[in-house]
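**Student:** Input: one structure, supplied below.
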Amino acid sequence: MLSVLRSIVQEVNNASGLDDALSIIVDRVRHAMKTEVCSIYLFDSEANCYVLMATKGLDPEAIGKVKLGYSEGLVGLVGVREEPINLENAQDHERYRYFPETGEERYGSFLGVPIIHHKQVLGVLVVQQANNCRRFDEGEEAFLVTVSAQLASVISHSEAIRFMEGASSSGSGAAKDIAIKGVAGAPGVAIGTSFVIFPMADLEAVPDRQTDNVAEDIALFEDAIKAVRKDIQEVGERLSTQLRPEEQALFDVYLGMLDDNALAGEVRAQIQKGKSAQTALKDIIGDYARHFEMMNDAYLSERAVDIKDLGRRILAYLQKDGQIEHNYPDNTILVSDELTPTMLGEIPREKLLGLVSIKGSGNSHVAILARAMGIPTVMGLVDLPLSQVDNMEIILDGYNGELFANPSEDLRKYYQQIVEEEKQLDASLEKLKTLPCETKDGHRVCAWVNTGLMTDVVRSLNQGAEGVGLYRTEVPFMINERFPSEQEQIACYREQLEAFAPNYVTMRTLDIGGDKSLPYFPITEENPFLGWRGIRVTLDHPEIFLVQMRAMLKASVGLDNLRIMLPMISNVNEVEEALHLIYREYHEICSEGFEVAMPQIGVMIEVPAAVYQVRELAERVDFISVGSNDLTQYLLAVDRNNPRVASLYHAFHPAVLQALYKIAKDSADMSVQLSICGELAGDPAGAVLLLAMGYDALSMNASNLLKVKSVIREIDFDWAKKLLDSVLLLDSPFIVQSTLNLALKDAGFSRYLRPSKISEDK
């Protein structure tokens with residue numbers, strides 16, 4: 001069965017579309033299991049019914065016509081129970097239904113398995129047998145379950161394509177305004193034109209584009225062919241003394257594929273029909289590869305790898321010539337398989353309305369940057385067909401993590417109104433810039449910001465920031481091609497310190513590893529979040545740490561508003577070792593004649609171990625700051641960059657709240673200043689709870705600062721305390737979230753939760 005399964009999976013993956021894939025499945029499964037009937041029913045969410053979409057053994061005319069209600073018949077029962085149903089005599093079951101229009105006999109044996117993707121039942125895969133005596137065994141049931149699991153991703157992907165084309169998933173009619181679900185990355189709504197950025201030399205990621213200039217694209221393609229031909233000839237000559245003649249012949253095969261009567265000629269023909277050079281290459285290479293992969297001969301099937309390699313070589317040259325400059329639309333929504341900070345820097349900010357990423361979650365590094373820049377973002381859209389979405393009008397809902405392609409006029413108006421409401425809200429908050437962040441009864445909390453880019457500084461000051469609770473020093477390291485020198489770091493740090501003086505700027509020491517890597521200092525690990533990152537890296541490389549300390553201290557001369565923060569602390573020994581290095585460097589700088597005040601030194605509480613050592617850490621440092629993003633990740637054992645488990649990452653999880661409360665109590669007992677610089681601080685509901693717990697400073701993205709300040713200035717401290725006491729008794733993150741939303745709504749802050757129309761209508 002394993003070889004059969006592999007063959008089916010390969011054929012399905014190479015299918016031209018959903019109908020073709022379904023037809024392959026029912027044909028191959030019926031043959032493999034030696035049954036009389038194999039059928040696939042897909043669930044139509046609009047009509048709330050299952051539709052027969054493919055069959056072998058029933059009347060093909062019944063396809064698209066036979067429909068069962070959500071819970072109707074045995075098929076509906078499989079869907080409701082979300083588990084296989086295996087019956088020897090289906091007719092005896094109370095849920096059995098007979099459909100004469102299928103032309104079926106009254107079949108006896110029945111095995112149905114649900115097709116599930118991301119907890120949603122997409123359909124049911126069924127096999128039937130006339131013989132009542134047959135009961136499908138465990139091996140056959142397991143085989144069908146495995147096939148359905150493979151089919152689920154194919155259906156989901158095809159549904160996304162159909163949605164964008166305006167058809168329903170079952171093909172039963174027009175489907176309008178169906179959302180493709182992802183994960184909320186940064187709040188806000190964007191209405192604009194999609195622009196796909198695809199990785200270099202990745203054929204599968206090339207979008208379907210037409211050419212504006214056939215002659216130019218043909219010329220580009222021919223230049224690429226010449227360059228690849230030259231590369232292959234040079235490699236062949238270089239290896240001629242090391243290979244046997246039969247091995248050397250492989251290079252002749254490569255060169256032969258580039259002839260006009262082979263691959264090159266077919267690509268050129270596609271360009272002449274109007275396709276761009278890259279799109280034509282992708283299509284032809286894909287056709288060649290599929291033909292080889294489907295061959296039974298092992299040697300020939302492996303030649304598909306050679307074809308793909310040749311295609312990537314040609315594509316690399318095409319992209320080298322064609323990647324000089326992008327013509328971004330004025331209302332660009334940037335779409336990529338995996339967004340990077342570099343991509344954000346390539347597009348003029350005034351043209352960028354939103355971001356969409358196939359990979360990643362709401363707490364990926366790029367999502368955090370997007371929130372800092374105030375750009376609506378949706379992450380983890382794993383079912384989005386990247387090549388199909390380019391140059392399309394889309395609506396991006398960063399509140400609910402949804403994307404709509406080719407929206408109707410009604411939906412466009414609906415979201416346009418939300419955009420206008422957001423602009424009005426932002427304008428109404430302008431008056432709070434110069435006002436303190438304190439409750440109506442006079443309880444004051446510092447409103448700080450998280451920064452990394454210089455654009456953050458301008459934005460933060462415009463929002464009335466009172467200081468910096470987290471300056472990400474890794475950002476200057478990430479945008480360089482090498483470790484920045486001491487002087488380069490001094491200039492960068494000085495800029496931050498001067499901009500916010502006399503207010504504090506809290507500079508986190510170099511925090512790399514996890515989802516943050518340097519191209520010139522790669523860290524490759526199977527489990528990077530539990531590996532070599534943060535303080536662990538810099539203590540292992542004191543030469544990097546000491547240069548950074550010298551730069552920070554020298555940058556603070558005459559300003560004295562520097563605070564240094566150590567990330568990823570898991571034991572007191574790390575703190576003591578770091579303090580030793582900092583004090584050593586401080587005394588050396590003083591001996592060189594620099595008049596520098598010793599800055600406050602603090603630690604970040606990001607791992608569970610540190611939660612239980614707050615008292616011990618407080619004895620050694622001047623302040624404590626909580627990195628709630630990482631702390632939540634480690635407490636819940638959820639990789640925040642994995643969209644499959646993104647729904648398990650919840651900042652209002654009772655365990656997270658209890659940990660934050662314990663940190664606050666222990667810090668108060670030790671009389672050490674306490675701040676928080678995670679995303680929770682920028683959530684109005686989260687800010688209220690943190691205020692009540694006793695946090696002295698809340699550090700957040702600048703885009704959230706005025707919203708948080710607005711809420712805090714309209715409440716009493718006692719009200720916040722009572723809300724905290726009630727929340728700490730709850731045992732579910734969803735109940736906590738609902739309780740907080742209701743409390744804020746009753747207090748008149750519903751406009752900060754999410755757009756009112758969305759919460760009412762969805």
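**Student:** Let me confirm something: among E606, E619, which residue is farther than 25 Å from A685 by Cβ and either of a type in the set (D, E) or under 28 Å from the mean Cα position of the chain (by Cα) (or both)?
**Tutor:** Working: E606 fails: farther than 25 Å from A685 by Cβ.
None of the others qualify; the one that does is E619.
**Student:** Do you know which of the residues in segment 657-689 that are at pLDDT 95 or above and acidic (D, E) is farthest from S703 (Cα to Cα)?
**Tutor:** Across segment 657-689, the extreme among qualifying residues is D669.
**Student:** Which condition does S647 not pass, out of (1) in contact with a Cys (Cβ under 7 Å, 6 or more places away or on another chain); (2) under 23 Å from V378 (Cβ atoms), if it passes all the others?
**Tutor:** So the condition that S647 fails would be (1).
**Student:** Right, here's the next one. Is there a residue being out of contact with any helix residue (DSSP H, G or I) (no Cβ under 6 Å at 6 or more places or on another chain), part of a helix (DSSP H, G or I) and surrounded by fewer than 24 Cβ atoms within 10 Å (Cβ to Cβ) anywhere in segment 671-686?
**Tutor:** No - not one qualifying residue is present in segment 671-686.
**Student:** Shifting gears a bit: Taking segment 712-746 as the search range and keeping residues that are in the same structural domain as L648 (by TED's automatic domain parsing) and closer than 22 Å to G374 by Cβ, which one is surrounded by the most Cβ atoms within 10 Å (Cβ to Cβ)?
**Tutor:** Ranking the candidates gives I712 first.
**Student:** How many of the residues in segment 617-669 are closer than 20 Å to T739 by Cβ, of a type in the set (S, T, Y) and touching a Leu at 6+ places or on another chain (Cβ under 9 Å)?
**Tutor:** Looking only at that region, the number is 4.
**Student:** Could you grab me the full set of residues in segment 549-564 that are surrounded by 18 or more Cβ atoms within 10 Å (Cβ to Cβ) and touching a Phe, Trp or Tyr at 6+ places or on another chain (Cβ under 9 Å)?
**Tutor:** Within segment 549-564, M549, A551, M552, L553, K554, A555, S556, N561, L562, R563 meet the criteria.
**Student:** Any residue at all in segment 632-644 that is modelled with pLDDT of 95 or more, assigned to a helix (DSSP H, G or I), in the same structural domain as M670 (by TED's automatic domain parsing) and in contact with a strand residue (DSSP E or B) (Cβ under 9 Å, 6 or more places away or on another chain)?
**Tutor:** no
**Student:** I need the full set of residues from segment 687-711 which are surrounded by fewer than 23 Cβ atoms within 10 Å (Cβ to Cβ) and outside any helix (DSSP H, G or I), in order please.
**Tutor:** G694, D696, listed by residue number.
**Student:** Restricting the search to segment 533-548, which residues are surrounded by 19 or more Cβ atoms within 10 Å (Cβ to Cβ) and not aromatic (F, W, Y)? Before the answer, list the steps.
**Tutor:** Within segment 533-548, the first condition is being surrounded by 19 or more Cβ atoms within 10 Å (Cβ to Cβ), and the residues that meet it are 533-535, 537-538, 545, 548.
Hits for segment 533-548 are R533, G534, I535, V537, T538, Q548.
**Student:** Just need a number here: residues in segment 599-613 that are surrounded by fewer than 22 Cβ atoms within 10 Å (Cβ to Cβ) and assigned to a strand (DSSP E or B).
**Tutor:** Final tally of qualifying residues: 2.
**Student:** Considering only residues that are surrounded by fewer than 22 Cβ atoms within 10 Å (Cβ to Cβ) and either modelled with pLDDT under 75 or more than 20 Å from V196 (Cβ to Cβ) (or both), which ones fall in segment 261-283?
**Tutor:** Hits for segment 261-283 are N261, A262, A264, G265, E266, R268, A269, Q272, K273.
**Student:** Of the residues S361, S357, which is modelled with pLDDT under 85 and touching a strand residue (DSSP E or B) at 6+ places or on another chain (Cβ under 8 Å)?
**Tutor:** Numbers: S357 fails: modelled with pLDDT under 85.
Exactly one of S361, S357 is modelled with pLDDT under 85 and touching a strand residue (DSSP E or B) at 6+ places or on another chain (Cβ under 8 Å), namely S361.
**Student:** Next up: How many residues, within segment 462-476, are in a helix (DSSP H, G or I) and modelled with pLDDT of 85 or more?
**Tutor:** Residues of segment 462-476 in a helix (DSSP H, G or I): 462, 474-476.
If we keep only those that are modelled with pLDDT of 85 or more as well, we get 474.
Summing the residues that are in a helix (DSSP H, G or I) and modelled with pLDDT of 85 or more in segment 462-476 gives 1.
**Student:** Just to check your reading of the model, which residue among I569, I512 is touching a Leu at 6+ places or on another chain (Cβ under 8 Å), without any contact (Cβ under 8 Å) to a residue 40 or more places away in the chain and closer than 20 Å to G678 by Cβ? So that I can check it myself, show each step before the final result.
**Tutor:** Working: I569 fails: without any contact (Cβ under 8 Å) to a residue 40 or more places away in the chain.
Going through I569, I512 in turn, just one is touching a Leu at 6+ places or on another chain (Cβ under 8 Å), without any contact (Cβ under 8 Å) to a residue 40 or more places away in the chain and closer than 20 Å to G678 by Cβ: I512.
**Student:** Return the residues of segment 428-461 that are among the β-branched types (V, I, T) and either in contact (Cβ under 8 Å) with a residue 60 or more places away in the chain or outside any loop (DSSP other than H, G, I, E, B) (or both); say none if nothing qualifies.
**Tutor:** If we filter segment 428-461 for residues that are among the β-branched types (V, I, T), which is where we start, we get 434, 439, 445, 449, 451, 455, 457-458.
Hits for segment 428-461 are T439, V445, V449, T451, T455, V457, V458.
**Student:** On the basis of being surrounded by 13 or more Cβ atoms within 10 Å (Cβ to Cβ), over 28 Å from A190 (Cβ atoms) and either more than 27 Å from the chain's Cα centre (by Cα) or acidic (D, E) (or both), does T439 make the cut?
**Tutor:** On the way: surrounded by 13 or more Cβ atoms within 10 Å (Cβ to Cβ): yes; over 28 Å from A190 (Cβ atoms): yes; either more than 27 Å from the chain's Cα centre (by Cα) or acidic (D, E) (or both): yes.
For T439, the condition - surrounded by 13 or more Cβ atoms within 10 Å (Cβ to Cβ), over 28 Å from A190 (Cβ atoms) and either more than 27 Å from the chain's Cα centre (by Cα) or acidic (D, E) (or both) - is met.
**Student:** Among the residues in segment 530-541, are any in contact with a Lys or Arg (Cβ under 7 Å, 6 or more places away or on another chain) and not in a loop (DSSP other than H, G, I, E, B)?
**Tutor:** Initially, segment 530-541 is screened for residues in contact with a Lys or Arg (Cβ under 7 Å, 6 or more places away or on another chain), giving none.
No, segment 530-541 contains no residue that is in contact with a Lys or Arg (Cβ under 7 Å, 6 or more places away or on another chain) and not in a loop (DSSP other than H, G, I, E, B).
**Student:** If you don't mind, another one. Among the numbered criteria (1) without any contact (Cβ under 8 Å) to a residue 40 or more places away in the chain; (2) among the acidic types (D, E); (3) over 27 Å from M549 (Cβ atoms), which one does D639 miss?
**Tutor:** (1)
**Student:** Which residue, of R550, R563, is of a type in the set (K, R) and in a helix (DSSP H, G or I)?
**Tutor:** Values: R563 fails: in a helix (DSSP H, G or I).
It is R550.
The values are calculated or read from the model by the stated rules, or taken from the named source; none is laboratory data. These figures come from a predicted structure and were not determined experimentally. Virtual Cβ from ideal backbone geometry, glycine too; neighbours counted across all protein chains shown.
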